[in-house]
Amino acid sequence: MNERANSPEPKSAVPAALLALVGAGGLGFLFLRTGGLESPAAQMPPASGPSEVDPDPTELAAAPELPAGYSVQVEDGRTTLRGPVMGTTFSLVRVGEVDAPERWANRVEASLEAVNAEMSTYIESSVLSRFNGGEHPLVVSEAFAEALEVSRAVWTHSDGAFDPTVGPLVRAWGFGPDERPSQPPEIEALRALIGFDEIVLTRREDGAWMLDKTREGVELDLSAVAKGLAAERLCRELGPEGSVMVEVGGEVCVRGASAPGRPWRLGVERPNEKVAPGAAGVQRIVALDGEKYAALATSGDYRNYYEVDGRRLSHTIDPRSGRPIEHRLASVSVVASDASSADAWATALNVMGLEAGWVLARERGLAAYFIARTDEGGFEERLTPEFATLSTSPPGEPTPQTQP
């Protein structure tokens, strides 16, 4: 992927008073309701509070516990579940109360861990780690195949700006487990290992998906779609049971309505690396209908970067040049029908930069929102017409104009 989010240890959860949905590199969304944010921390009840009807003692003894690090909050007719996953955190909001929340939480954990067990770059036994270690061909799941198909579509249409084989370059520039280099790395040899066209996905006669590569040394990193896929998978599983919003590492998908006749409303964070995630305020408010526009993802460079001799080095690597992106684009948000596609497209457009990304977004009819730095120290906003129909400015803020 062009962005790396799978870290060995979970990041700290954000304050519940913000319900800030923090993504890769600290980019975030704020879940909004009429009158403010979703859940004051002071009102958070214990994870296993009393129910209206006392359960049978034998059933209580057999009930599973919450997974480690998970918390459940029931407030105003909503059930919120939070916990660690994929080196980051997730938040899940279900309209209505949930019977047996501990069992529900364990079901959610199983779904998330199924994705992590296949696509983690840190779990040595994961399918991805085994593939990168030289074990191929390998049988992969439908979810894994879906992640590859989404990746291939965005890789093709972005002319390689999005490429899930960019991992060796990400590590070489110091955004993986390796130490940051004191000098720019030698990238020419590594560039020979970058190319999604070396990844082969086929389907056998028995229906099984087979993953292979045509060149040894080529690695695969699906971090740019894995979080979105995990969120999407939970939406598909839980959506038929009622309205739900799922966020994994900042990638969001929804099903149903936030309330009768009301869409889910998310606030795109104002870019500001000088304050904690969630504290910079809201730049735009986006309404998701849970159908055609059911997912939102943001990619940017204002959190995860470092400087060398006054030069800013972003964690987002351009696979075509082999170097960190260097342009004035601060972030790109994309709304799509599924979270994996939104995730991948946000990364691709961020790599391309404001002008090229804008042209491609208009050509593809994407609902995209660009925030770019200006020479005066402020920000310039561009909204495609598709995004403009879904979003509004925060109260008191001017509405940016769409451009042709």
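The values are calculated or read from the model by the stated rules, or taken from the named source; none is laboratory data. A quick note: this is a predicted structure, and the numbers were derived from the prediction, not measured. Please note: Cβ atoms are built from the backbone with ideal geometry, for glycine as well, and neighbour counts cover all protein chains shown.
Those residues that are more than 11 Å from the chain's Cα centre (by Cα) and either surrounded by 24 or more Cβ atoms within 10 Å (Cβ to Cβ) or aliphatic (A, V, I, L, M) (or both), I need them from region 346-362; list them, please. Residues satisfying the conditions are A348, L349, N350, V351, M352, L354, A356, G357, V359, L360, A361. Which residues, taken from region 104-140, are in contact with a strand residue (DSSP E or B) (Cβ under 7 Å, 6 or more places away or on another chain) and in a loop (DSSP other than H, G, I, E, B)? Listed by number, the residues that qualify are H136, P137. If only residues of region 275-291 that are modelled with pLDDT of 85 or more and not in a strand (DSSP E or B) are counted, the one that is surrounded by the most Cβ atoms within 10 Å (Cβ to Cβ) is G290.
A230 falls short of the stated requirement of being at pLDDT below 90, buried (at least 21 other Cβ atoms within 10 Å of the Cβ) and in a helix (DSSP H, G or I). Within region 67-78, being outside any loop (DSSP other than H, G, I, E, B) and surrounded by fewer than 20 Cβ atoms within 10 Å (Cβ to Cβ) holds for S71, V74, E75. Just so you know, in region 292-349 the residues that are in a loop (DSSP other than H, G, I, E, B) and of a type in the set (D, E) include one that is modelled with the lowest pLDDT, and it is D309. Annotation for region 92-103: no member residue is over 28 Å from S258 (Cα atoms), among the hydrophobic types (A, V, I, L, M, F, W, C), assigned to a loop (DSSP other than H, G, I, E, B) and modelled with pLDDT under 95. Only one entry in R236, R191, R203, R215 is within 29 Å of P84 (Cβ to Cβ) and not hydrophobic (A, V, I, L, M, F, W, C), namely R236.
Matching residues to (1) part of a loop (DSSP other than H, G, I, E, B); (2) at pLDDT 95 or above; (3) in contact with a helix residue (DSSP H, G or I) (Cβ under 8 Å, 6 or more places away or on another chain):
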{"position": "L148", "(1), (2), (3)": "no, yes, no"}
{"position": "T156", "(1), (2), (3)": "no, yes, no"}
{"position": "R171", "(1), (2), (3)": "no, no, no"}
{"position": "P181", "(1), (2), (3)": "yes, no, yes"}
{"position": "T202", "(1), (2), (3)": "no, yes, no"}
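Counting only residues that are of a type in the set (S, T, N, Q) and crowded, with 18+ Cβ neighbours inside 10 Å, region 130-142 holds 1 of them. Would you be able to say whether some residue in region 255-273 is at pLDDT 90 or above, surrounded by 23 or more Cβ atoms within 10 Å (Cβ to Cβ), of a type in the set (D, E) and in a strand (DSSP E or B)? No: zero hits.
Hey, among A372, A368, which residue is closer than 19 Å to V252 by Cα and either among the basic types (K, R) or in contact with an Asp or Glu (Cβ under 9 Å, 6 or more places away or on another chain) (or both)?
Numbers: A372 fails: closer than 19 Å to V252 by Cα.
From the options A372, A368, the qualifying one is A368.
From the set of residues in region 315-335 that are without any contact (Cβ under 8 Å) to a residue 60 or more places away in the chain and either crowded, with 24+ Cβ neighbours inside 10 Å or of a type in the set (F, W, Y) (or both), which is nearest to Y293 (Cα to Cα)? It comes out as V335.
Pairing each residue of region 102-115 that is farther than 12 Å from L81 by Cα with any residue that is among the basic types (K, R) and assigned to a helix (DSSP H, G or I), provided the two are 6+ apart or on different chains, yields C-beta distances under 7 Å for S111/R233; V115/R233.
Scanning region 186-206 for residues that are surrounded by fewer than 16 Cβ atoms within 10 Å (Cβ to Cβ) and in contact with a Ser or Thr (Cβ under 7 Å, 6 or more places away or on another chain) yields a single hit, V200.
The residue pairs whose first member lies in region 66-78 and is in contact (Cβ under 8 Å) with a residue 40 or more places away in the chain, whose second member is assigned to a strand (DSSP E or B) and of a type in the set (G, A, S), and whose beta carbons are closer than 7 Å, counting only pairs six or more residues apart or on different chains, are P67/G83; G69/G83.
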